[in-house]
Amino acid sequence: MKNVVIAGGGASGFAAAVFLARKGHRVTILEKNEVPLKKLLVTGNGRCNLTNLENLKGKYVSSDPEKVEAVTARFGAAEIMDFFTGLGLALKSRERWIYPRNDSAALVSRFLQLEAASLKVKVKTRERVTGIVRTEEGFTVHTETWQYPADMVVVSTGSIASVADPETVISNSVAEGFGLKTRPFLPALTGMKGKGDAWRNAKWAGVRVNARCRLVIDGERLQEEEGEVQLTEYGISGIPVFQLSLAASKPLSEGKNVEILLDFLPEMTEEEVALFLEKARNAHKEYTLFRAVTGLLPEKLADSLSEGIKETEAAARRIKNYVFPVHSLCGPERAQVCTGGVDLTELDEHLQSKKVPGLFFIGEACDVAGRCGGFNLTWAFSSAAAASLQIS
């Protein structure tokens, strides 16, 4: 039986605690907040998208994608579903996205805490970990108020995404203190802010519209997504934009030119759009180009897109290929996840440090960020399982 301290009481930390306690280990969770599993409560807009039945290949950005695939292959969607149904939680599939049957993230949190309590896991809240020191016996985990001896330590303190005080996230500093390579945390799964004056048109703020979004980096078209896009006072948001932000985060930090090409009518060709506008104007001689465009798109968006244009062909071209120059992503305080963290090449197949046996990094502490759709919680649970398998 090992004495294991888990730094961080989020989804990955609680899952690891349950897995380890079931094996008979003494487990203590140290959580900086007054209430554990705080971020879990807002996942999936409070409905908690636990996992996804799609193939996980290509769904993550990481320093070692093959290791991510290996970890999630050992404990993927099927195992995650079995784990939660075993806790008494009914599940449902919504287009292969898996949720609790009652759409309650609060219930997921409650079931995890109840299981941990039944296994006698100690949960110490308002205990912010400040450092981890290696000793002859194992480790000492330091908090602002105490010191906790441990045979093994699992770091699950997360990233700086949606954190009020980023300085309290110590996963990178702990890793660097032991000589491990890390990557800086960069916001992802978040909105994009416009560059210059090209996008600054308050007329479109508040509009939601189905659109196809193409990511262009230094003139090269890379990835595209389609779905509901939210047009905001700062730029663009919505799930398609979030998905593209994963690939845009690092290039933006490197100063590369990033643009999003917005197609506001993906179901029509440019020629079909131009023909529709021309027919509308011919049928109603008093129609302005703006009025013709409102036959296709919301008024606020039509006003923005038709501004300064007189010809239907030019309007159709803008509707189908609106160039949104990206200045930056919204900050980490508005991001669902961050890229960056402990470089996976520093960790073995069980996410144990190759240089420091007994020290593990899981969840968002690792340089792994997934797409929207339950992929980040999948990583949280699968990485927790990977670490628990090694601690025997």
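Looking at (1) among the hydrophobic types (A, V, I, L, M, F, W, C); (2) in contact with a Ser or Thr (Cβ under 7 Å, 6 or more places away or on another chain); (3) surrounded by 15 or more Cβ atoms within 10 Å (Cβ to Cβ); (4) free of Cβ contacts under 8 Å to residues at least 40 places away in the same chain, find the lone condition where L89 falls short.
Unmet condition: (2).
Within region 111-146, how many residues turn out to be free of Cβ contacts under 8 Å to residues at least 40 places away in the same chain and touching a His at 6+ places or on another chain (Cβ under 8 Å)? Give the derivation first.
Restricting attention to region 111-146, the residues satisfying the condition of being free of Cβ contacts under 8 Å to residues at least 40 places away in the same chain are 111, 114, 117-118, 133, 135-137, 140, 142, 144-146.
Still in the running and touching a His at 6+ places or on another chain (Cβ under 8 Å): 133.
Residues flagged as free of Cβ contacts under 8 Å to residues at least 40 places away in the same chain and touching a His at 6+ places or on another chain (Cβ under 8 Å) within region 111-146 amount to 1.
Mind checking whether some residue in region 381-388 is aromatic (F, W, Y) and not in a helix (DSSP H, G or I)?
No, the conditions are met nowhere in region 381-388.
Looking for something acidic (D, E) and touching a Lys or Arg at 6+ places or on another chain (Cβ under 6 Å) - is there at least one such residue anywhere in region 152-170?
The initial filter retains those residues of region 152-170 that are acidic (D, E), namely 165, 167.
The next check asks that each one be touching a Lys or Arg at 6+ places or on another chain (Cβ under 6 Å); those that pass are none.
No, the conditions are met nowhere in region 152-170.
Of all residues in region 236-258, which are outside any loop (DSSP other than H, G, I, E, B) and either more than 16 Å from E225 (Cβ to Cβ) or among the charged types (D, E, K, R) (or both)?
Of all residues in region 236-258, those outside any loop (DSSP other than H, G, I, E, B) come to 236-237, 239-253, 258.
Once the filter is applied, which keeps residues that are outside any loop (DSSP other than H, G, I, E, B) and either more than 16 Å from E225 (Cβ to Cβ) or among the charged types (D, E, K, R) (or both), region 236-258 yields K250, P251, L252, S253.
Show me the helices (runs of 4 or more DSSP H) found entirely inside region 279-371 where at least 3 residues are hydrophobic (A, V, I, L, M, F, W, C), in the same structural domain as I239 (by TED's automatic domain parsing) and touching a residue at least 40 places away in the same chain (Cβ under 8 Å).
Helices (runs of 4 or more DSSP H) meeting the threshold: 312-320.
Suppose the filter is assigned by TED's automatic domain parsing to the domain that holds V342, in contact (Cβ under 8 Å) with a residue 60 or more places away in the chain, of a type outside the set (D, E) and more than 17 Å from R371 (Cβ to Cβ); does K67 pass it?
yes
Scan region 31-52 residue by residue and report those that are surrounded by fewer than 16 Cβ atoms within 10 Å (Cβ to Cβ) and in contact with a strand residue (DSSP E or B) (Cβ under 9 Å, 6 or more places away or on another chain).
E34, V35 - these are the residues of region 31-52 that are surrounded by fewer than 16 Cβ atoms within 10 Å (Cβ to Cβ) and in contact with a strand residue (DSSP E or B) (Cβ under 9 Å, 6 or more places away or on another chain).
Output the residues belonging to region 337-349 that are of a type outside the set (D, E) and either more than 22 Å from the chain's Cα centre (by Cα) or crowded, with 20+ Cβ neighbours inside 10 Å (or both).
V337, C338, T339, G340, G341, V342, L344, L347
Within region 229-241, work out how many residues are surrounded by fewer than 23 Cβ atoms within 10 Å (Cβ to Cβ) and more than 13 Å from S328 (Cβ to Cβ).
The qualifying residues number 6.
The values are calculated or read from the model by the stated rules, or taken from the named source; none is laboratory data. Quick caveat, the model's predicted, so the values are computed rather than measured. Methodologically, a virtual Cβ is constructed for each residue, glycine included, from the backbone with ideal geometry; neighbour enumeration extends over all protein chains shown.
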